Amino acid sequence: MSGQKTSSIWQNFTVVDSNFATCDICKRKLSYKTSVTNLKKHLTKAHLIYSNVSQVKKKIIKIYKNHTHF
């Protein structure tokens, strides 16, 4: 990928080449050939970064309900 990388996603990745980047957290090599969506999905699923707030709330409520005994 040529040009300057302006997305904040790059704070968590190191460019390997024009098609791949490595996650700075877990060192997994991921493709970003056409866009950074794949990188963002990785951070959301593997590291809970960039998670949608409503998704996080749902997970917390589910955990609470599973551990609360009335």
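Tabulated values for the structure
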{"quantity": "Gain on full stretching of the segment that runs from Ser35 to Ile61 - 0.36 nm per residue minus C-alpha separation", "calculated": "6.1 nm"}
{"quantity": "Estimated FRET transfer efficiency (Asn19, Thr44; beta-carbon r; R0 22 Å; 0.05)", "calculated": "0.55"}
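Bear in mind these aren't lab numbers, they're just calculated from the coordinates by the rules spelled out. Every value quoted in this text rests on a predicted model; they were computed, and no experiment measured them. Backbone-built Cβ (ideal geometry, glycine too); neighbour counts: all protein chains shown.
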